[in-house]
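Have a look at the structure below before the remarks.
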Amino acid sequence: MVQFVRCKVCGYVIKKSKLGDLCPACGVKKTAFEPYELTISEKRMKILELHIHPILVHFPQGFIPAILLLSILVAVFNDPFQNYFLIALKIFSIALPFVITAAAVAGILDGKIRFKSIATPMLKQKIMIGSTALILSVLLTVSAFLINVSSLEILWTIVLGILLLGCSVFLGFIGGRLTCSVRVGK
Ligand SMILES: [Zn+2]
């Protein structure tokens, strides 16, 4: 049976055998740790500790600002640069719905294992915003491929990029609130 310990200062839980001199999360001395009885199965703990959802979320969170920046550059520059930026924009746009889907699937899996249900108020909110982001990303891919330099499509692409950025910030905000490890004390 694996023994776990918990930091009394920040709540961080770690295998006793892996604990060094300091709490890896908040940096206090290891004397601040107390024995901790794992309240979830080791199997659930193992899957959650892979942090698949937070890792996969970095892809859309990186792609979305890049797409927004590239669509602004397409609007601002003339050829040949405009064309280079447009090619990059198209590549990121095609990839976006896929990386959002991957992050969403991992998020649903994480929610099911972490909270045993995805019908919680915050998870329902995340699923709604995530689905909106997926729809917006498909629209963005379509508009990036329709861009005719002398048309309004580029403006539409910029608007979609801004909306996606909003979804991404909001999702990060809720996700951040769901991770509740914090060092105690004012
Ligand atoms: Zn700590």
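The values are calculated or read from the model by the stated rules, or taken from the named source; none is laboratory data. Everything quoted here is computed from the prediction, not taken from an experiment. No Cβ is skipped: glycine too gets one built from the backbone with ideal geometry, and neighbour counts run over all protein chains shown. Heavy atoms of the whole protein, side chains included, go into the accessibility calculation; ligands, DNA and RNA do not. Shrake-Rupley method; radii C 1.70, N 1.55, O 1.52, S 1.80 Å.
For the stretch 54-78, filtered to residues that are in contact (Cβ under 8 Å) with a residue 24 or more places away in the chain and farther than 20 Å from LEU171 by Cβ, the residue that is nearest to the chain's Cα centre (by Cα) is SER71.
Return the residue satisfying two criteria in turn: it lies in the stretch 34-55 and is acidic (Asp, Glu) and closer than 14 Å to GLY11 by Cα, and of such residues it is farthest from the ligand (Cβ to nearest atom).
The qualifying residue farthest from the ligand (Cβ to nearest atom) is GLU37.
So the check is Cβ under 8 Å with 6+ separation or different chains; which pairs have a first residue in the stretch 17-35 that's modelled with pLDDT of 95 or more and a second one that's of a type in the set (Asp, Glu) and within 7 Å of the ligand (Cβ to nearest atom)? No pair meets every condition. For beta carbons closer than 7 Å, sequence separation of 6+ or different chains, a first residue in the stretch 97-123 that is at pLDDT 90 or above and a second that is open to solvent by 80 Å² or more (accessible area, probe 1.4 Å), the qualifying pairs are VAL99/PHE59; ALA103/PHE59; ILE118/LYS112; LEU123/PHE115.
Considering (1) within 15 Å of the ligand (Cβ to nearest atom); (2) in contact with a Lys or Arg (Cβ under 8 Å, 6 or more places away or on another chain); (3) farther than 21 Å from LYS116 by Cα, the lone condition that THR31 does not fulfil carries the number (2).
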